[in-house]
Amino acid sequence: MKKNPLSLQLDPDDFLPASEDEKKQLDIMRESTTFWKDALKRFSKNKVAMVAAVVILLVIICAFVVPNFYPYEYDQQIRGSENLWPMQYSEEEQALIDSGESVFPHIFGTDKLGRDLGIRVLTGARVSLLVGLIASALVLLIGSIYGSVAGYFGGKVDLIMMRIVDIIYSIPDILIIILLQVTLKSPLQALFDSSPIFDGLNRVGVGLISIFITFSLLYWVSMARIVRSQVMTLKEQEFVTAAKALGASNGRIIRKHLLPNCIGTLIVTATLQIPSAIFTEAFLSFLGLGVAAPMASLGSLASDAISSINSFPYRLFIPAVAISIIILAFNLFGDGLRDAFDPKLKK
């Protein structure tokens, strides 16, 4: 009888359990990590992004914490303290200082109505940050849902939804804001005056509400396109096929499997949307289409300073520098997040 040549190659020792030395040879030489820990580690090594994160944190503290301890209000008019230069006191305030009383200095001076510019700049920074964060949240919510549905179903659904996106891209946002202000001014003002619940919205005015509505209507299209491209790639993966085989619904696959795998892209895109929203709000407030007086915005402060630029140039310089610092910090922070979440940069 002819022997099987394969039987001559078998060795019973090959089936023995692996020894400790053999197990150590298979150990991974680096520490095990997660997606988030790996991204955080690479982000912490980006010095520029870390500096930007510290600047953003300081701006948030100045905008939301410091005004609670500031001795002046953003709409407080101090008689006799009109048109003061930075760190300058009025005659009444100087008399109080001479008598031994303590008077908080006007760090950035005052405007023509005697309002402290320091608290107005801090309030303007708060408005800019709120606009950026709220607009980014709206863009993230609407864009991720719309883009994931279009990318997952594909075909005619994707074709129709993307043509709607193309149409929205062609609509000028400034025109929409102006139309919304004209059409919503009377009904919204009546609503705000009807109950003290809307006192906060009444302070910011119809202009800022129109900006938020415009962000909801128009500014999510870029996010939708990015999410769509990610979902179209991920839906061909094996874990989606396994989820379908287990009977998972389309909504659950999108919510539990596809969007979580796009979280890095979503975070980066939403973060980079913040400076764009801040600039848009500042630009519209500069044109008089943003916050309502006496509420302060960095754009409205710059607009008010134009009339007195020859006499008080610092009034334009201060809000302009504040806008530049905030937008630059968020851009650098977003670039750092993009580099940290980019799998191509892993080593």
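The values are calculated or read from the model by the stated rules, or taken from the named source; none is laboratory data. Since we're looking at a predicted model, the values are computed, not measured. Positions of Cβ are backbone-derived with ideal geometry, glycine not excepted, and every protein chain shown enters the neighbour counts. For the accessible areas, the whole protein counts, side chains as well, though only heavy atoms, and no ligand, DNA or RNA atoms are used. Shrake-Rupley method; radii C 1.70, N 1.55, O 1.52, S 1.80 Å.
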(request) Would you check if there is a residue in segment 161-170 being within 26 Å of Arg225 (Cα to Cα), aromatic (Phe, Trp, Tyr) and open to solvent by less than 70 Å² (accessible area, probe 1.4 Å)? (result) no
(request) Run Lys244 past the list (1) crowded, with 20+ Cβ neighbours inside 10 Å; (2) over 21 Å from Ile174 (Cβ atoms) and report the number of the one that doesn't hold. (result) (1)
(request) Please find, among Gly288, Gly264, the residue that is in a helix (DSSP H, G or I) and at pLDDT below 85. (result) Gly264
(message) Looking at the structure I just gave you, is Phe286 open to solvent by 30 Å² or more (accessible area, probe 1.4 Å), closer than 30 Å to Gln77 by Cα, without any contact (Cβ under 8 Å) to a residue 40 or more places away in the chain and touching a helix residue (DSSP H, G or I) at 6+ places or on another chain (Cβ under 6 Å)?
(response) yes
(request) Hey, could you check segment 34-80 for residues that are polar (S, T, N, Q) and within 28 Å of Gly336 (Cβ to Cβ) and say which is least open to solvent (accessible area, probe 1.4 Å)? (result) Asn46
(request) Would you please name the residue that is farthest from Gln76 (Cα to Cα), looking only at residues in segment 97-114 that are open to solvent by 30 Å² or more (accessible area, probe 1.4 Å) and among the charged types (D, E, K, R)? (result) Asp98
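Can you find, within segment 307-317, the residue that is nearest to Thr110 (Cα to Cα) among those that are touching a Gly at 6+ places or on another chain (Cβ under 9 Å) and in a helix (DSSP H, G or I)? Walk me through it before giving the result.
Of the residues in segment 307-317, the ones touching a Gly at 6+ places or on another chain (Cβ under 9 Å) are 312, 314-315.
Of the ones still in play, those that are also in a helix (DSSP H, G or I) are 314-315.
Values: Tyr314: 11, Arg315: 9 Å.
Applying the filter and picking the extreme gives Arg315.
Would you mind listing the helices (runs of 4 or more DSSP H) fully within segment 27-141 where at least 1 residues are under 30 Å from Trp220 (Cβ atoms) and without any contact (Cβ under 8 Å) to a residue 60 or more places away in the chain? Working first, answer last.
Values: elements: 35-44, 47-64, 91-98.
Ranges flagged: 35-44, 47-64.
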(message) I'm trying to understand the selection: among the residues of segment 295-324, which are of a type in the set (Phe, Trp, Tyr) and free of Cβ contacts under 8 Å to residues at least 60 places away in the same chain?
(response) Phe317
(request) Could you tell me which of the residues Arg252, Arg228 is charged (D, E, K, R), in a helix (DSSP H, G or I), open to solvent by 40 Å² or more (accessible area, probe 1.4 Å) and free of Cβ contacts under 8 Å to residues at least 24 places away in the same chain? (result) Arg252
(message) Considering only segment 293-303, I want to know if a residue exists there that is in contact with a Lys or Arg (Cβ under 6 Å, 6 or more places away or on another chain) and open to solvent by less than 10 Å² (accessible area, probe 1.4 Å).
(response) yes
(message) I want to confirm something. Restricting to segment 318-347 and keeping residues that are at pLDDT below 90, part of a helix (DSSP H, G or I) and open to solvent by 60 Å² or more (accessible area, probe 1.4 Å), which single residue is farthest from Ile60 (Cα to Cα)?
(response) Lys344
(request) Just one of (1) within 30 Å of Thr233 (Cβ to Cβ); (2) buried (at least 21 other Cβ atoms within 10 Å of the Cβ); (3) small (Gly, Ala, Ser) trips up Gly154, so point out which. (result) (2)
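Here's the yes/no breakdown for (1) under 20 Å from Asn310 (Cα atoms); (2) β-branched (Val, Ile, Thr):
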| site | (1), (2) |
| --- | --- |
| Lys47 | no, no |
| Ile56 | no, yes |
| Ile61 | no, yes |
| Leu84 | yes, no |
| Gln88 | yes, no |
| Ile119 | no, yes |
